[in-house]
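Below you'll find the structure, written out as structure tokens, and then a few comments.
The values are calculated or read from the model by the stated rules, or taken from the named source; none is laboratory data. Being a predicted model, the structure only gives us computed values, none of them experimental. With ideal geometry, Cβ positions are generated from the backbone for all residues, glycine too; neighbour counts draw on all protein chains shown.
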Ligand SMILES: [Fe+2]
């Protein structure tokens, strides 16, 4: 074992988190919650919890604890999400809750099967990127950015890795999803194609929509490819490689 590895800080518990329509509709007492295209239309569905949207398997691959010399210790964690496919009553795709990442957090997504649409935006929402991602495609979420995933075209499997101070423990929903008002922009489907719409009444963002993927620079994507994907990278890369991968991701200009 390499000296960078601290065995007792490597967590091995997988937390299975099913998310239903009721989770998408839930808001805090002060009204902060997911931004929806049409809350009324979504609320008229079956009784709680409503249909399953996706199941997240937190730490499906054990977290990797790293202590790079001269830098703050952190974990690379890996989650796996199975999305149900379809379009909701308000024409939004079956979707994730959507949230702003922590300002010190790196996150990379990779589609393992099926296709998803991802909405990705920088702090302030000066513009949004909206694009489909198919099997093998990668998406980089820079620190502090917003992201939301939808699966309108059928079931889809997505694996993602992210940096965190904690190495396990599932998701604190109120902190992760409801700590900051989401981007006031929604994805809806029209003739099978996703489009992004700003909800002006809920915020001041109205930036342009960029119809492009936000993937990794080729050099980093090639490195992921050498491990047959993010799952292989998290499992088989050495500690030095994982620490280096984080450093090079941080150096990518958003
Ligand atoms: Fe995230």
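Before we move on, is residue 55 on the phi < 0 side of the Ramachandran plot, under 18 Å from the mean Cα position of the chain (by Cα), within 14 Å of the ligand (Cβ to nearest atom) and surrounded by fewer than 17 Cβ atoms within 10 Å (Cβ to Cβ)?
no
Please determine whether any residue of region 85-100 is closer than 29 Å to residue 219 by Cβ and surrounded by fewer than 22 Cβ atoms within 10 Å (Cβ to Cβ). Spell out how you get there, then give the answer.
Filtering region 85-100 for residues closer than 29 Å to residue 219 by Cβ gives 96, 99-100.
Applying the additional criterion that residues be surrounded by fewer than 22 Cβ atoms within 10 Å (Cβ to Cβ) yields 99-100.
So far as region 85-100 goes, yes, one or more of its residues are closer than 29 Å to residue 219 by Cβ and surrounded by fewer than 22 Cβ atoms within 10 Å (Cβ to Cβ).
Please give the number of the condition residue 61 fails out of (1) crowded, with 21+ Cβ neighbours inside 10 Å; (2) away from the ligand (no atom under 15 Å from the Cβ); (3) closer than 26 Å to residue 193 by Cα; (4) within 17 Å of the chain's Cα centre (by Cα).
It is condition (3) that residue 61 fails.
Every residue, every condition in (1) over 14 Å from the mean Cα position of the chain (by Cα); (2) more than 11 Å from the ligand (Cβ to nearest atom), yes or no:
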residue	(1), (2)
102	no, no
113	yes, yes
116	no, yes
119	no, yes
125	yes, yes
140	no, yes
144	no, no
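When you go through (1) touching a residue at least 24 places away in the same chain (Cβ under 8 Å); (2) out of contact with any strand residue (DSSP E or B) (no Cβ under 6 Å at 6 or more places or on another chain) one by one for residue 31, which number turns out not to apply?
All conditions pass for residue 31, except number (1).
Name, by its number, the condition in (1) more than 17 Å from residue 57 (Cβ to Cβ); (2) at pLDDT 90 or above that does not hold for residue 201.
Just one mismatch for residue 201, condition (2).
What number of residues within region 238-254 are touching a strand residue (DSSP E or B) at 6+ places or on another chain (Cβ under 8 Å) and in a loop (DSSP other than H, G, I, E, B)?
Selection size over region 238-254: 1.
Give me the pairs, please: first residue somewhere in region 107-136 and on the phi > 0 side of the Ramachandran plot, second residue anywhere and at pLDDT 95 or above and not in a loop (DSSP other than H, G, I, E, B), beta-carbon distance under 6 Å, and either six or more positions apart or on two chains.
Once the first residue is on the phi > 0 side of the Ramachandran plot and sits in region 107-136, its partners that are at pLDDT 95 or above and not in a loop (DSSP other than H, G, I, E, B) give 114/156.
Take region 147-173 and flag every residue that is within 15 Å of the ligand (Cβ to nearest atom), at pLDDT below 95 and out of contact with any helix residue (DSSP H, G or I) (no Cβ under 9 Å at 6 or more places or on another chain).
164, 165, 166, 170, 171, 172
Quick check on region 74-84: of everything there that is crowded, with 23+ Cβ neighbours inside 10 Å and farther than 24 Å from residue 240 by Cβ, which residue is farthest from the ligand (Cβ to nearest atom)?
In this case the residue turns out to be 83.
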